[in-house]
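Please treat every number below as a calculation from the coordinates, not as lab data. Since we're looking at a predicted model, the values are computed, not measured. Cβ placement follows ideal geometry from the backbone for every residue including glycine, while neighbour counts extend to all protein chains displayed.
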């Protein structure tokens, strides 16, 4: 069985890293798996990117062109990425002329494939959704219900004006995506969204968590980890990390600050220190009653693994998470996680066993969870439970096997339709 994964990038960003890990989970299960990307950074020989400098330049220009022209016609308070996906791609011809048995789509935005391109693929397709774009309009995340009801003039949000880019994009999806595609999502929450969506409600969908190599992502001795990072060995360390996470509204850093300030007189927090990774130290520091350490951008897995191992608890106060790879990585490294009970995080964290799931966006309950984990993690019982959960639920071999079963179903369905 030969599989080609299509993803904008191999390891730049959460969706890319998830796709890369799925690809490697299949290699572990002896599948002939290859990954085609617009932009490669891993140096992995199983990754294919455009060789021509002209093609690379075009791939850089296309998303910028759309961003500064078509996307500017929409005025919206939803500041997340919007992808109209309108420019045709060379990838379709290469795919259709390949000897692949299965084409596995991932995050294919930044004009990697147009909406019409997906319709033109003649191979059996599986599509792992890493956000909401597949069943929405042009938006990747949204809190409104148009994706459930259909994009109409009368249900347009009041904060939007100008050209209705989301409605236009959604209508193009409806026009071209006549044949249902096998969808996979990494969480039960996202599978529920697919089933409730106007666009994909009758498409086949399965839930398969994102994998992690638990042989690489494993705990290190806490004292040694802190020594390596020049962090205190004596105080509780609270970890928060995401790419530019303090600036990304969806990552909930403002909620984290409010929760920590709520705890400033709590004995479990009074001597604690906050550690932040995924961005450089800003000029204006947040006003907190505890010391803050900025670790910068960590690009290698070993450094991030050492950081998880050094922490007493990892905080993931996100407003939206389709899965939550920070939480699964922390668990694989034996670190308990505190988050809100939302999205894919509820599939990762086992409440009061591997961490704490606070009521959605309830600052007091998030604060309670942080204090509760620090107070009750006697003899590192949460650490052991977190590690066991990662091995049982997210191990590469287990996830690879789940995908192989889906592939077999698709190929069988394809043969029956021939």
Practice item. Please give the calculated 222 nm ellipticity per residue for the chain, where each DSSP H segment of at least 4 residues contributes -39500 (n - 2.57) and the sum is spread over every residue; nearest 500 deg cm²/dmol? Key: -11500 deg cm²/dmol
Exercise for review: With springs only between Cα atoms under 10 Å apart, run a GNM on the chain and tell me which of 357, 255, 288 wobbles the most.
Suggested key: 288
Review point. Given a Förster radius of 51 Å and the C-beta distance between residue 45 and residue 158 as r, what FRET efficiency does 1/(1 + (r/R0)^6) yield to the nearest 0.05?
Key: 0.50
Point to revise | At R0 = 25 Å, FRET efficiency that the Cβ-Cβ distance of residue 265 and residue 292 yields, to 0.05 | key: 0.85
Review point. Using alpha carbons only, how many degrees (0 to 90, rounded to 10) separate the axis of helix 381-394 from the longest principal axis of the chain?
Key: 10
**Study point:** Angle in degrees between helix 396-417 and the longest Cα principal axis of the chain, rounded to the nearest 10
**Key:** 20
Review point. Is the shape of the chain rounded, prolate or oblate, going by the alpha carbon gyration tensor and its root eigenvalues a ≥ b ≥ c, with a/c under 1.5 for rounded and a/b larger than b/c for prolate?
Key: prolate
**Study point:** Net length gained if the chain between residue 79 and residue 67 were fully extended (0.36 nm per residue, minus Cα distance)
**Key:** 3.1 nm
Study note, to complete from the structure: Helix 14-28 sits off the longest principal axis of the Cα atoms of the chain, rounded to the nearest 10 on a 0 to 90 degree scale, by 80
Exercise for review: Would you kindly calculate the translational diffusion coefficient of region 312-418, applying Stokes-Einstein with the Kirkwood radius from alpha carbon pairs, for 4 °C and a viscosity of 1.567 mPa s, and quote it in µm² s⁻¹ without decimals?
Suggested key: 87
Review point. At what distance in nm do the modelled label points of residue 54 and residue 148 sit from each other, each positioned 7 Å from its Cα along Cα→Cβ?
Key: 4.9
Review point. Given a Förster radius of 45 Å and the C-beta distance between residue 362 and residue 300 as r, what FRET efficiency does 1/(1 + (r/R0)^6) yield to the nearest 0.05?
Key: 0.80
Check your understanding: Separation between the residue 234 and residue 378 pseudo-spin-labels, each 7 Å from Cα along Cα→Cβ, expressed in nm?
Key -> 2.5
**Study point:** Virtual paramagnetic centre 7 Å along Cα→Cβ of residue 397, amide N under 12 Å, in region 195-233
**Key:** 214-215
Review point. Which order, highest average first, do 155-163, 303-311 follow once you tally other Cβ atoms within 10 Å for each residue and take the mean per peptide?
Key: 303-311, 155-163
Exercise for review: Using all C-alpha to C-alpha distances in region 56-162, build P(r) with 10 Å bins and read off the rounded percent in each one.
Suggested key: 13, 40, 33, 13, 2
Review point. Can you give the extra length, in nm with one decimal, that the chain gains between residue 122 and residue 196 once fully stretched, where that is 0.36 nm per residue apart less the Cα-Cα distance?
Key: 23.9 nm
Practice item. State whether region 222-394 is rounded, prolate or oblate according to the following rule on the C-alpha gyration tensor (a ≥ b ≥ c being the square roots of its eigenvalues): a/c under 1.5 gives rounded; otherwise a/b larger than b/c gives prolate, and the remaining case gives oblate. Key: rounded
Check your understanding: What shape does region 239-341 have by the C-alpha gyration tensor, where a ≥ b ≥ c are the square roots of the eigenvalues, rounded means a/c under 1.5, and otherwise prolate means a/b greater than b/c and oblate the rest?
Key -> rounded
Exercise for review: For the chain, set up a Gaussian network in which alpha carbons nearer than 10 Å are linked by springs, and say which option among 44, 248, 266 fluctuates the most.
Suggested key: 44
Point to revise | Sequence of 76, 143, 98 once ranked by neighbouring C-beta atoms within 10 Å, starting from the fewest | key: 143, 98, 76
